Amino acid sequence: MSKAMEATVSKKSLRDNPLVWPLAGLALVVAFNLVTGPEFFSVSVRDGHLYGNLVDIFSQGARVMLLALGMTLVIATGGVDLSVGAVMAIGGALCATLVTQLGYGLYLALPLTLLMAGALGFFNGAMVVAGRIQPIIATLILMVAGRGVALLITDSDVVKIQDPAFLYLGKGYILGVPFSLWLVAAVFTVMALLIRKTALGLLIEAVGDNEHASRFSGIEAGRLKLIVYAVCGALAGMAGVLDAASVSAADPMRVGELKELDAIFAVVIGGTALTGGRFLLFGSILGAILLQALTLTLYNAGVPAAVAPVPKAIVIVGVCLLQSDRFRKQISNIIKIGGKAS
Amino acid sequence: MSKDATPLLKVSGLCKRFGSVQALSDVSFELRAGEIHSLLGENGAGKSTTIKCITGVHRPESGTVELNGREIAPRSPREAELSGIGTVYQEVNLLPNLSVLENIVLGRVKTGALGRIDWKDARRRAKAALGKLEMDIDLEARLSSLPVAMQQLVALARALEVDSKVLILDEPTASLDEAEVENLFRVMNLLRDKGIGIIFITHFLDQVFRMSDRMTVLRNGRYIVTRDAKGLSKQDLLQDMLGKAFEEMQSRGAALDAIAEDRAGRATQLQVRSLGAPGKIDSLELELREGEVVGLAGLLGSGRTECARLIFGVDKATAGSLELKGKQVKQGVPSESIREGIMLASEDRKAEGIFPHLTVRENMMIALQSRRGALNPVSREEQDAIAEKYIKAMRIKTSGPEAKIKELSGGNQQKVLLARWLAAEPKVLILDEPTRGIDIGARAEIEKLIESLSEDGLSMIMISSEMDEEVRCCHRVLVLRDRKVIGELRGSAITESAIVRKIADHE
């Protein structure tokens, strides 16, 4: 290999690192805020808790982070889970109903809720694996029906939550840091360890990359998918519980609304391809942070909530385009030609 | 056809570099009207690059392409197509969900006011193009509903629709069965008689001899020679294509009997008892000894691949059983078979073999990993050792173990897949078309590998469409016909003519 080639290879490897682009997006948001209002970054301590926009980004982003972690695995197998928003609603409704109306302790209600949410995910997986239904359709069923189930659980009411332990999940702090963040950190760590210290991650990637070949290599794709959909469901249930806890009420109509799209966005921005295969858990976390930071920045900049999705979409499109080798090549060609002309 | 007339297509002095690799240096040849001209060479000899320079996929650094005496320099395949050079690739490059009609005229339909498509005109032209092939294919049929061979003819019709004078066929027969190949050859002869010049690329030498009028050999990106097919021997051609490597392939023969005898006396590795499934194979009996290589011979569709799939368990058998070293093995669960040590290197590298976006290293260790189970990971050191070992031992051309496998050439991908199975330490390895689509040099290496694995005691079942390959590699050959085993050959009795006689004689 010539020296010139080696140089391009090492340059390429930086560009090829998929984490670069969500980080670039974040840098853009940070730069924007530095210019328009540096107070965005101020973090103060009130009542022994950290307080400020940055903390909000993380604590409000926690739910999408949980969803994105599960979604990453599902997408890696070549699937997608559209039902996570609905499962959030069921999770919130179920846990709130168990605690508030049936008088269960949280220590019992929470595991039951997660079990139920996991079972719903398992059901999704079974439709995909045993029913051989395309994931987008299989999970669409629960996406539509799930909210009905949530309404059924709460008897169409918003369930108010007063249980202090329950509220702590959404509003509590440990060492000044919101509880939900600790939870995300713990889930991320456990998942990353389970996936990269065993061969699970590689096998999931193999299934997503070429499912047919994975069968010939002795990989039990069906079993892996069931696990992955179940995990995704359970994490969605947890996100629903957090959501309900943070607003002290479980609203079966509103909890998790359109959150499946945020989760998919976060995963894609984070560098995991929708076609399956290679995945990046940390990338998805970054993606979720970027989404939340954008939302909050626009809110602070006084962009009306109804219009906010437009600039948000522009940034997302930008990051996605930058991830495409082809697009980058075309841009650099244009720049080169422009440079020669001038 | 007069020989001094202006050649239909004249390629002179093509040079092309990719980075530091000189892919083509000074390649020249002429294609006459009304001839089938084969372009020959090993993988990497420069056949594809030459074609791509002619069809505008690549632009050569120097050299010219003249069509009917006029220089052309197409900037895209579409431009080449419009100037009269049609190309059909091995993997059909059409749109499976559109109709035959749409595929033939796509991008070239006449439109009327408001961009309305003139379907009447399109239909007439598509019919005319299919007419040239003397084929009658339903224009409304969805392309994906047709067998691959038909799809290829549709691609041909598409190429002819623009009134091509030059037709390039790149490995057109690789995925066709015998009857389909015959039909394609019939069409090729038809087109030749109509004065079209055909450039034919294939790895099957028999087909080269049967079809071509002349052939041009490339080696390492250089032009070697152009010869008339008439009177040319296979030996001479191989000598041209391979240079020095050719002599090595020659010597092997009588020692075979001794080896076959030795293997027949060893302990039984795999015992297949009346294994069968309707529409696949009738009651297969096979006793495979340690270190023995058993070939399955027969025409396409005789049940060879079906045998392989049943033994490995990707298909479920309805009858029969498998014993490995006297122990019953559960049939029909590939992961179980791999755990026991029965593995299949499938014939379909792309669909059933590679994980395109994973690295060479990962592609090599994945079977070993699934054999051990997800919770018992192969350590990184062990993975690196495996990758290093096989890249070296099999002389795999890759920029390194961390290259994505899709970046490798077909032959090198095949070697990686073989490494995958060897790394998983099989007891019985089934090789279905292990050398399909790879060049003769790499083929010789794989044959050598099979020999040394057999010496180490690995039992193998081998399937190959190239009979001479089974003749060279196998200690015993089972001949199949109509999904039944109809005969067996052993040692030096295995010859191509003996196999053919078995297939033909049986009533």
Under-5 Å amide H pairs with B:ALA277, H placed in peptide plane, nonlocal only: B:SER283, B:THR318
Counting other beta carbons within 10 Å of each residue's own, what order do A:MET127, A:MET88 fall into, fewest first? A:MET127, A:MET88
Per-residue ³J(HN,Hα) for the range A:24-41, Karplus 6.51 cos²θ - 1.76 cosθ + 1.60, θ = phi - 60°, Hz, x for Gly and Pro: 4, x, 4, 4, 4, 4, 4, 4, 4, 6, 4, 6, 7, x, x, 5, 3, 8
Put a dot 7 Å past each Cα toward the Cβ at A:TRP182 and A:VAL30; how far apart are the dots in nm? 2.7
Three-way shape label, the range A:167-239, alpha-carbon gyration tensor, a/c 1.5: prolate
Could you give the nm distance between label points at B:ARG186 and B:GLN22, where each point is 7 Å from its Cα heading toward the beta carbon? 4.7
Given the pairs A:LYS160/A:LYS312; B:LYS127/B:LYS194; B:LYS316/B:LYS448; B:LYS52/B:LYS448; A:LYS336/B:LYS16; A:LYS225/B:LYS327, which span a C-alpha to C-alpha distance of over 25 angstrom in this model? A:LYS160/A:LYS312; B:LYS316/B:LYS448; B:LYS52/B:LYS448; A:LYS225/B:LYS327
Taking the Cα atoms only, what angle lies between the long axis of helix B:410-423 and the longest principal axis of chain B, rounded to 10 degrees? 10
Relative contact order, percent, the range A:198-342 [alpha-carbon distance under 8 Å, six or more residues apart]: 18
Peptide A:265-272, shielding by other chains (average Cβ, 10 Å cutoff): 0
Quick check: the angle from helix B:380-393's long axis to the longest principal axis of chain B, C-alpha only, nearest 10 degrees? 70
Which FRET efficiency value, to the nearest 0.05, do you get for B:GLU178 and A:ARG223 by plugging their Cβ-Cβ distance into 1/(1 + (r/R0)^6) with R0 = 41 Å? 0.50
The distance between the Cα centres of the range B:363-398 and the range A:241-315, in whole Å, is 39
Cleavage-rule hits, GluC sites (Glu not before Pro), the range B:77-143, DSSP coil, Cβ neighbours within 10 Å at most 10: B:GLU134, B:GLU140
Could you give the angle, 0 to 90 degrees to the nearest 10, between helix A:259-269's Cα long axis and the longest principal axis of the Cα atoms of chain A? 30
At A:ILE331 and A:ILE314, where each label point lies 7 Å from the Cα along Cα→Cβ, what is the point-to-point distance in nanometres? 1.5
The range B:39-151: relative contact order in percent, alpha carbon pairs under 8 Å with at least 6 residues between: 20
So for chain B, averaging the separation of alpha carbon pairs under 8 Å that are six or more residues apart and normalising by length, what relative contact order in percent results? 15
Take the protein assembly as shown, drop everything but the C-alpha atoms, weight them equally and run the Debye formula without solvent; then report log10 I(q)/I(0) at 0.07, 0.08 Å⁻¹ to two decimals. -0.70, -0.89
Where does each of B:ASP138, A:ASP262, B:ASP193 land when they are ranked from fewest to most other beta-carbon atoms within 10 angstrom? B:ASP193, B:ASP138, A:ASP262
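Which shape class applies to chain A: rounded if a/c is under 1.5, otherwise prolate when a/b exceeds b/c and oblate if not, where a ≥ b ≥ c are the square roots of the Cα gyration tensor eigenvalues? The partial results should precede the final answer.
On the way: a/c = 2.00, a/b = 1.26, b/c = 1.59.
Note, shape of chain A comes out oblate.
For the range B:390-507, give the share of DSSP beta bridges that are antiparallel, in percent and rounded to the nearest 5; count only bridges with both residues there.
Details: 6 of 11 bridges.
Bridges in the range B:390-507 are about 55 percent antiparallel.
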Across the range B:371-432, qualifying lysine pairs (alpha carbons under 20 Å, at least 8 places apart or different chains) come out at 12
Output the peptides A:39-49, A:138-148, A:69-79 sorted from most to least packed, where packing is the average of other Cβ atoms within 10 Å over each peptide's residues. A:69-79, A:138-148, A:39-49
So, in Å, what gap is there between the alpha-carbon centers of the range B:284-346 and the range B:1-67? 45
FRET E, pair B:THR495, A:TYR107, Förster distance 60 Å, beta-carbon r, rounded to 0.05: 0.15
Once a ≥ b ≥ c are taken as the square roots of the eigenvalues of the Cα gyration tensor of chain B, is the result rounded (a/c under 1.5), prolate (a/b larger than b/c) or oblate (a/b not larger than b/c)? prolate
Taking placed amide H atoms and a strict 5 Å upper bound, the residues 5 or more places from B:ILE430 or on another chain that come that close are B:MET343, B:LEU344, B:ALA345, B:ILE461
Sorting B:SER409, B:SER164 on the 10 Å Cβ count, fewest up front, what's the list? B:SER409, B:SER164
Based on the Cβ-Cβ distance from B:ASP121 to B:LEU82, what FRET efficiency comes out when R0 is 25 Å, to the nearest 0.05? 0.90
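What is the sum of charges, Lys and Arg at +1 and Asp and Glu at -1, for the other residues whose Cβ falls under 13 Å from the Cβ of B:ASP384?
Details: positive: B:ARG361, B:ARG380, B:LYS389, B:LYS392; negative: B:GLU362, B:GLU381, B:GLU382, B:GLU388, B:GLU402.
Result for the neighbourhood of B:ASP384: -1.
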Quick one: which residues, 5+ away or cross-chain, put their amide H under 5 Å from the amide H of B:ILE486? H built at 1.01 Å from N. B:VAL479, B:LEU480, B:ARG481
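Bear in mind these aren't lab numbers, they're just calculated from the coordinates by the rules spelled out. Bear in mind the structure is a predicted one, so any value in this text is a computation, not a measurement. Here the Cβ is made from the backbone with ideal geometry for all residues, glycine too, and neighbour counts use every protein chain on show.
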